[in-house]
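A quick write-up on the structure given underneath.
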Amino acid sequence: MGRGDLYISHRDKSGNWSPVKHLPAPINSSGTDYCPFVTPDKKYLIFTSSRVNKELINGEPKTYDQLKELLNNPGNGWDDIYWVKFNEDW
């Protein structure tokens, strides 16, 4: 989907790994998505992404304050950390 995507595999009780699955959007994006980590309680997936908010690059003129807000929030393309509830169906 992007320049770097996340995949997942599960290990069964015998120690065998399942086939790798490509994680869906919105986890993978058109940016670089990397450094995944599943919390020890297996409730959350934490990862880093260089995704860019479409409002930042839509070509519409922006005021200084609008641009400043977009650049100081997640989705600015400068590698933010995200977390999502882990889904056993992945």
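The values are calculated or read from the model by the stated rules, or taken from the named source; none is laboratory data. Because the structure is a prediction, the values reported are computed rather than measured. No Cβ is skipped: glycine too gets one built from the backbone with ideal geometry, and neighbour counts run over all protein chains shown. To get the accessible areas, we keep the full protein, side chains included, count just its heavy atoms, and leave off ligands, DNA and RNA. Shrake-Rupley method; radii C 1.70, N 1.55, O 1.52, S 1.80 Å.
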Quick one: how many Å² of Glu60 are accessible to a 1.4 Å probe, rounded to 10? 120
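Hey, what's the Cα Rg ratio for the chain versus the globular rule of thumb, 2.2 N^0.38 Å?
On the way: Rg = 16.2 Å, N = 90, 2.2 N^0.38 = 12.2 Å.
Its radius of gyration relative to the 2.2 N^0.38 Å reference: 1.33.
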Could you pull the accessible area for Thr48 with a 1.4 Å probe, rounded to 10 Å²? 20
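Just reorder Val52, Val20 by solvent-accessible area, largest first, 1.4 Å probe, all chains present.
Details: Val52 60, Val20 100 Å².
Putting Val52, Val20 in descending order of accessible area: Val20, Val52.
Mind putting a number on the dipole of the chain about its Cα centre? Charges go on the C-beta only, +1 for Lys and Arg and -1 for Asp and Glu, and I need it in Debye to the nearest 20.
Numbers: 11 positive and 12 negative charges, 53 e Å.
My answer is approximately 260 debye.
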Quick one: accessible surface of Asp33, probe radius 1.4 Å, all protein chains present, in square angstrom to the nearest 10. 0
What distance in nm lies between label points placed 7 Å from Cα along the C-beta direction at Val20 and Asp41? 3.0
Helix-only [θ]222 nm of the chain, DSSP H runs n ≥ 4, -39500 (n - 2.57) each, per residue, nearest 500: -2500 deg cm²/dmol
Which sequence of Leu23, Leu56, Leu67 reflects their accessible areas, 1.4 Å probe, from the largest down? Leu67, Leu56, Leu23
